[in-house]
Every structure is written in structure tokens, then in C-alpha cells.
1. Search the stretch 260-282 for residues that are assigned to a helix (DSSP H, G or I) and pair each with any residue that is at pLDDT below 95 and surrounded by 12 or more Cβ atoms within 10 Å (Cβ to Cβ) when their beta-carbon atoms are under 6 Å apart and the residues are at least 6 apart or on different chains.
2. Which one is farthest from the ligand (Cβ to nearest atom), of the residues in the stretch 118-144 that are of a type in the set (Asp, Glu) and out of contact with any Lys or Arg (no Cβ under 9 Å at 6 or more places or on another chain)?
3. Provide a single number: the residues in the stretch 191-232 that are charged (D, E, K, R) and part of a strand (DSSP E or B).
4. Go through (1) away from the ligand (no atom under 15 Å from the Cβ); (2) within 19 Å of Ile139 (Cβ to Cβ); (3) out of contact with any strand residue (DSSP E or B) (no Cβ under 6 Å at 6 or more places or on another chain) for Glu261 and report which single condition fails.
5. Is it true that some residue in the stretch 363-372 is hydrophobic (A, V, I, L, M, F, W, C), away from the ligand (no atom under 11 Å from the Cβ) and in a helix (DSSP H, G or I)?
6. For the stretch 328-351, check the following and say yes or no: at least one residue is over 23 Å from Ala282 (Cβ atoms), outside the structural domain of Ala70 (by TED's automatic domain parsing) and surrounded by 14 or more Cβ atoms within 10 Å (Cβ to Cβ).
7. Based on what the data block shows, is Gly249 under 26 Å from Glu352 (Cβ atoms) and buried (at least 24 other Cβ atoms within 10 Å of the Cβ)?
Amino acid sequence: MDFDLNEEQKIWKKIVHEFAEDVLRPKAHEVDEKEEFNWEAVRKGGPVGLTGMSIPEEYGGSNVDAISNAIAMEELGWGCGSTALAFTAHNGLGTSPLALYGSDELKKKWLPIVASGKNKLGALALTEPGAGSDIQGGIITRAEKDGDEWVINGAKMWNTNAGIAEYIITLVRTDPKGGSKSLSMILVPTDSKGLTIGPAEKKMGLRGSPTHGLTYDNVRVPLGNLIGPEGRGLQQTLSTLDAGRISIGAISIGLARGAMEAAINYAKERKAFNQSLADFQATQFKIANMEMEIELARTYIYKAAWLKDQGRPYSKEAAIAKLFATEMAERVIYDAIQIHGGYGYSREYPVERMYRDARLMTIGEGTSEIQRLVISRHVLAG
Ligand SMILES: Cc1cc2nc3c(=O)[nH]c(=O)nc-3n(C[C@H](O)[C@H](O)[C@H](O)COP(=O)(O)OP(=O)(O)OC[C@H]3O[C@@H](n4cnc5c(N)ncnc54)[C@H](O)[C@@H]3O)c2cc1C
């Protein structure tokens, strides 16, 4: 057993950390306050390889392994939760299904555009106003064939990146009879007639990551925009979410690490009862718990990513990793705020933003309850 990153991964960690420090951190407060997306991160992240992490080199991507993806997502999460979410929604959701299951023609047309960092990003729309966790039974957005086109009607909800995307991969029902082979993914360019991207949602956190509702009113796209064989949408979605869960867990570790660092700095500076907060054992124990939790979460995130890199099943491990890392971030950032006292409740201090950003992580890409369902099903199936 080897717990070391390889040389390439160590260099990658350093590169992404410096990127996060230079391009994400300085704007993290501003993008949250102004609810603006950090475009500079995309423009500068493209050449670094951060917009092509799921895209093969022949289509202009950097195609990193799963551990390197987790490393990058932790560093980006450390830099800015909002911008990290936009990157994972692009790489893991918006480009990965196309790279894995799309036709060569579709990949050649779209992947180089979104890999470069010079253009807009990719997005994936699964969730609907009436269905999030219940993908299989709840999706009512439908696509019907008409000549050489698909005609799409319906609505989607909570779509990360929709307003900053070149296209939205849309999960639709292609067989009205239902069942596990009735869903398909179709690529819908954002300039398609009949597609309306609603205004950015007013959110609690991750306010620099635009999230939109969508409506599809007789949206027509070529039959060739189908991703993979018709009826494979559910399987493609579940597999995409397995990988995405590692990324959401990794972002959570980055957020927790950022909060812990802020708490340590504050505890060393702030005085109470003639000593620094760091001298109280109550503070030291909080810091010890933070370190333990972050280390444990990262070790398990790497395990899930390692299994993926080995081509082995990792669905249960991805669920455990996401569940633990996202709930861990809540505990760690809660304590980081506690160490800051009243200042931790101020929007002038980063721990307040990190707390709001972390709250989404136990909901997006499968809630904590759904992770527990996945884990218990694996365990009970023996
Ligand atoms: C900021 C943000 C960004 C998002 N980005 C995207 C995106 O890019 N693309 C996309 O498709 N979606 C996105 N989502 C949607 C997100 O994935 C869903 O919100 C999530 O999957 C939960 O679905 P829901 O909101 O419909 O809740 P529901 O499915 O209605 O669940 C509500 C509650 O019931 C619980 N519950 C549901 N079923 C069960 C069950 N069987 N057993 C026990 N408890 C259950 C849930 O755990 C939850 O607590 C985003 C959401 C947010 C808030």
C-alpha cells in the first residue's frame, strides 16, 4: 500500500494551489458579495488544464486521473467555493458524459471549444422543479423524434453554469412508457430557439456560481446530439454522479481547510483573559478535531479516486467519501466560526462565507440521505 502522491501529482497540487491563491482567493469575497462569476479563473485556468480535466488530449483537454482531479478540486475549494463549484459542474457534469459517451462528431465539435478556457463552459441539467433525488421516476422533460431532429419540451431546475455555458447536456425521457431504459442525454446548445435560461437564483451561498431554472419549449436539435445510445441516460447519470461525488467531497475538504487555517491565525492573534485563544485547551481540542476530520476525509476521498483510477467499482466508496467529507466540512467550519466568536458571524470574515458555501455540499449531486441509501444498499446486498 502506498499513501504517497506520485511526482506528477505533487507538482499538479502545487500548480493548482498557486493558481487558487493567485486567481481565486483574492476574488472570493467579491464574487460572493456581488454575485458575479470569476471569468478570469476560466481564462487563466484553461492553459493550466483546469477546464479540460475530463477531456482527452486529442480534443484539447488535460484528461487528469481521478486523484489529480480530487487534488485540484480541494485546492480550488480552498480558493473559492463558488468558482470551484463552477469548475466541477463544467468538468465532471458538463464535459465528462460527452467525453465518455458522445459520438466522435459531437466530441470534435464541442470539446475543444469548452476545454480551451477561451469560451463558455459546459453544464448538465438533471434536476427538475418536481424531481431531484428521484431521477428515474420523476423526470418529465421529454424528447420526441421528428424527422432528423429531437423536439424537447419541459423544465429543469438548479442548473449550475447554465448562464455561462456553451451547451447544456439535458436528461430527457425518450420512452414515455418509463423504466430504467427510458431516459437519454441530449446536448442542447444554449443559443437553441425555445430554450429559456431563467435569471440566476438568489442563493444562501456559492453566490459567485450562477444557478438557473430552464424551460424547453419545442427546442429542436439534430438527432446526432444524442449522447450515447438512446435509453442509456439513467446509467450515464448514475456513473457521472459517482465521479462527481468525489469532487464535491474534495471541494468540501478545501473549504474546511481554508476555515481551519483562518481559525488558527485568528486564535494566535486574539487575546482573552491575558492569553491568546490558541493557549486555551478548548481551542486546541477544536483544532485537533479539525485536523483529524480533514485528514480522514482526504484519505477516503483519495481511496475512492484511486479505485476509479484502477477501473474498479467505487460507487459505495464515492458515496462514503462524499457523505463524510461534506458533513465533516459543516462540523469544521462551525468550530472555525466558534473560535472567531462574534467576528465569525461577520461577512467581513471568510469563515462566514465558507459556512454558507459548505451547506450546499450535503445537498448537490445527491443529498446525504441518498448517499446513506447508496451505502446501505451495497452493504445489505452483501
Ligand atoms: C446550488 C445548487 C446547484 C445545483 N446544480 C445542479 C446542476 O448543475 N445540475 C442538476 O441537475 N442539479 C443541480 N442541483 C440540484 C441538486 O442536485 C438537487 O437539489 C438534489 O439532488 C436534491 O434534489 P431536490 O432538491 O429535488 O430534493 P428532493 O429530491 O425533493 O429531496 C428533498 C428531501 O427529501 C429527501 N429524500 C428524497 N428522497 C429520499 C429517499 N428516498 N429517502 C430518504 N430521503 C429522501 C432528500 O434527501 C432531501 O432531504 C443543484 C442544486 C443546488 C442547490
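1. none
2. Filtering the stretch 118-144 for residues that are of a type in the set (Asp, Glu) and out of contact with any Lys or Arg (no Cβ under 9 Å at 6 or more places or on another chain), the one farthest from the ligand (Cβ to nearest atom) comes out as Glu144.
3. 2
4. Checking Glu261 against (1) away from the ligand (no atom under 15 Å from the Cβ); (2) within 19 Å of Ile139 (Cβ to Cβ); (3) out of contact with any strand residue (DSSP E or B) (no Cβ under 6 Å at 6 or more places or on another chain), the one that fails is (2).
5. Checking the stretch 363-372: not a single residue is hydrophobic (A, V, I, L, M, F, W, C), away from the ligand (no atom under 11 Å from the Cβ) and in a helix (DSSP H, G or I).
6. Within the stretch 328-351, none of the residues are over 23 Å from Ala282 (Cβ atoms), outside the structural domain of Ala70 (by TED's automatic domain parsing) and surrounded by 14 or more Cβ atoms within 10 Å (Cβ to Cβ).
7. yes
The values are calculated or read from the model by the stated rules, or taken from the named source; none is laboratory data. In this text, all values refer to a predicted model and were calculated from it rather than measured experimentally. All Cβ positions, even for glycine, are placed from backbone atoms using ideal geometry, and neighbour counts span all protein chains on display.
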